[in-house]
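**Q** Take a look at the following structure, please.
The values are calculated or read from the model by the stated rules, or taken from the named source; none is laboratory data. From a predicted model like this one, the values you see are computed outputs, not experimental measurements. Here the Cβ positions follow ideal geometry from the backbone for every residue, glycine too, while neighbour counts run over all protein chains shown. Heads up: the accessible areas ignore ligands, DNA and RNA and are worked out on the full protein's heavy atoms, side chains in. Shrake-Rupley method; radii C 1.70, N 1.55, O 1.52, S 1.80 Å.
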Amino acid sequence: MTNESRAPYPILEFDPSREALIEPQRLIRPIDIPAHAVACFFQDIIDALVAEGRATLLTNQRSEMGLHPVYRLDAGGGRQVALFHPGVGAPLAAGMLEEVIALGSRRFIVCGGAGALDRALTVGHLVVPTSAVRDEGTSYHYMPASREVAAPGEAVAAIEAVLRAEGLPYVLGKTWTTDAIFRETPARIAWRREEGCVTVEMEAATLFAVAQFRGVTLGQILYSGDDLSGPVWDSRGWTSKAEVRAQLLRLAVEACLRL
């Protein structure tokens, strides 16, 4: 990058170079892993699958936090997918996705929860992001600055096909990805609602950008959790919805296998 190409702010200085000093494929050897992978934000549901013997350990990734397991999940009928928790927050999720791509997976569906910016989205209502507002930092290292990043149509179509086949209601919409959960101010919430965001979360924009950069397919399915649409935040007990979370993982697996 030349001095002439530098932007007023470092986050806007996108370098299109394909090679970084540290490349995942130089550090991580491919393994016998399913091409289809589900990134699941619900550790409780992953733990239950492990306890049932349906998810078996493939490998452990490591960080200063400790081990990050990657599992092989039996999806029934001889079908298998890789399963992993991507970590919370855009930088960690980007790193975990990068490493699973380096291991050998190529088609991804992500399932998680999100804050509702529309009160009509009751707890558990399904949302399929078609794009994400890039109000985080990590995606700017993977693609030039822009307001949004789109989800690939192929992934959205696969998720929709599964939801329609099961007769489940869902919303297609834009999500707001932010790094700062304690800076979701009333003004910023209003701005995002005005531009069409129906949910808020911490990873979608980054995951879409990383997948696009690496040439893999990735879509996401969310369920509506806490309510940020009113003057007072309402948690609505969203993290205790084990049945909804288990169902969402099952739907993500089915959608992933359609890719």
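**Q** Considering amide H positions built from the backbone, and no H for Pro or chain starts, which residues 5 or more places from Thr130, or on another chain, come under 5 Å of its amide H?
**A** Gly173, Lys174, Thr175
**Q** Per DSSP H run of at least 4 residues, take -39500 (n - 2.57); add these up for the chain, divide by its residues and hand me the 222 nm value, nearest 500 deg cm²/dmol.
**A** Values: 7 runs with 78 residues, N = 259.
Using -39500 (n - 2.57) per qualifying helix, the result is -9000 deg cm²/dmol.
**Q** Quick one: compute the contact order of region 27-156, relative version, from alpha carbon pairs under 8 angstrom and 6+ residues apart, as a percent.
**A** With pairs under 8 Å counted, the relative contact order is 28 percent.
**Q** Can I ask one more? So what is the relative contact order for the chain, in percent, with contacts set as C-alpha pairs under 8 Å and at least six apart?
**A** Values: 517 pairs, mean separation 65.9, N = 259.
25 percent.
**Q** Let me ask something else. So how exposed is Thr177, as accessible area in Å² (1.4 Å probe, rounded to 10)?
**A** Per-residue accessible area (Thr177): approximately 0 Å².
**Q** Right, another one. Arranged from highest to lowest average of other beta-carbon atoms within 10 Å per residue, in what order do the peptides 124-133, 24-33, 189-198, 75-84 appear?
**A** 124-133, 75-84, 189-198, 24-33
**Q** Tell me the carbon and sulfur percent of the accessible area for region 40-189, rounded to whole percent, probe radius 1.4 Å.
**A** 54
**Q** 5 Å is the cut-off here: which amide hydrogens, built 1.01 Å from N in the peptide plane, fall below it relative to Gly113, excluding neighbours closer than 5 in sequence?
**A** Result for Gly113 returns Tyr223.
**Q** Continuing with the same structure: Arranged from highest to lowest average of other beta-carbon atoms within 10 Å per residue, in what order do the peptides 87-94, 141-148 appear?
**A** On the way: 87-94: 19.8, 141-148: 14.6.
So the order, starting with the most tightly packed, is 87-94, 141-148.
**Q** Separation between the Glu23 and Ala187 pseudo-spin-labels, each 7 Å from Cα along Cα→Cβ, expressed in nm?
**A** Roughly 4.5 nm, to one decimal.
**Q** For the chain, with every protein chain kept in place, what is the accessible area per residue (1.4 Å probe, Å²)?
**A** For the chain, the per-residue accessible area is 47 Å².
**Q** Using amide H atoms built in the peptide plane, which far-off residues or other-chain residues are under 5 Å from Gln80 H to H?
**A** HN-HN under 5 Å from Gln80: Ala75.
**Q** Given the C-alpha centroids of region 128-194 and region 21-86, what is the distance between them in whole angstrom?
**A** Centre-to-centre distance over Cα atoms comes out at 24 Å.
**Q** Shifting gears a bit: Ordering Ser17, Ser240, Ser139 by accessible area with a probe of 1.4 Å, largest first, what comes out?
**A** Ser240, Ser17, Ser139
**Q** Put +1 on the Cβ of every Lys and Arg and -1 on every Asp and Glu Cβ in region 157-234; which of Gln212, Leu222, Thr185 then has its Cα farthest towards the positive end of the dipole?
**A** Projecting each Cα onto the dipole axis, the largest value belongs to Gln212.
**Q** From a point 7 Å beyond the Cα of Phe14 in the direction of its Cβ, which residues of region 136-172 have a backbone N at a distance under 16 Å?
**A** The answer is 136-152, whose backbone nitrogens lie closer than 16 Å to the label point.
**Q** Please report, in debye to the nearest 20, how large the charge dipole of the chain is about its Cα centre when each Lys and Arg carries +1 at its beta carbon and each Asp and Glu carries -1 there. Write down the numbers at each step before the final one.
**A** Values: 25 positive and 31 negative charges, 87 e Å.
Here the chain has a charge dipole of around 420 debye.
**Q** When all protein chains stay in place, what accessible area (Å², nearest 10, 1.4 Å probe) is found for Tyr140?
**A** 30
**Q** Right, another one. Based on Cβ point charges of +1 for Lys and Arg and -1 for Asp and Glu, what charge dipole magnitude is obtained for region 54-165 about its Cα centre, in debye rounded to the nearest 20?
**A** Result for region 54-165 is approximately 340 debye, rounded to the nearest 20.
**Q** Hey, another quick one. How high is the relative contact order of region 98-187, in percent, counting Cα pairs under 8 Å that sit 6 or more residues apart?
**A** Computed value for region 98-187: 38 percent relative contact order.
**Q** Please compute the modelled spin-label separation between Arg79 and Glu166, points set 7 Å along Cα→Cβ, answer in nm with one decimal.
**A** Each label point lies 7 Å from its Cα, and together they span 1.1 nm.
**Q** Let me ask you something else. How much length is gained if the chain between Asp179 and Ser240 is pulled fully straight, taking 0.36 nm per residue apart and subtracting their Cα-Cα distance, in nm to one decimal?
**A** 19.6 nm
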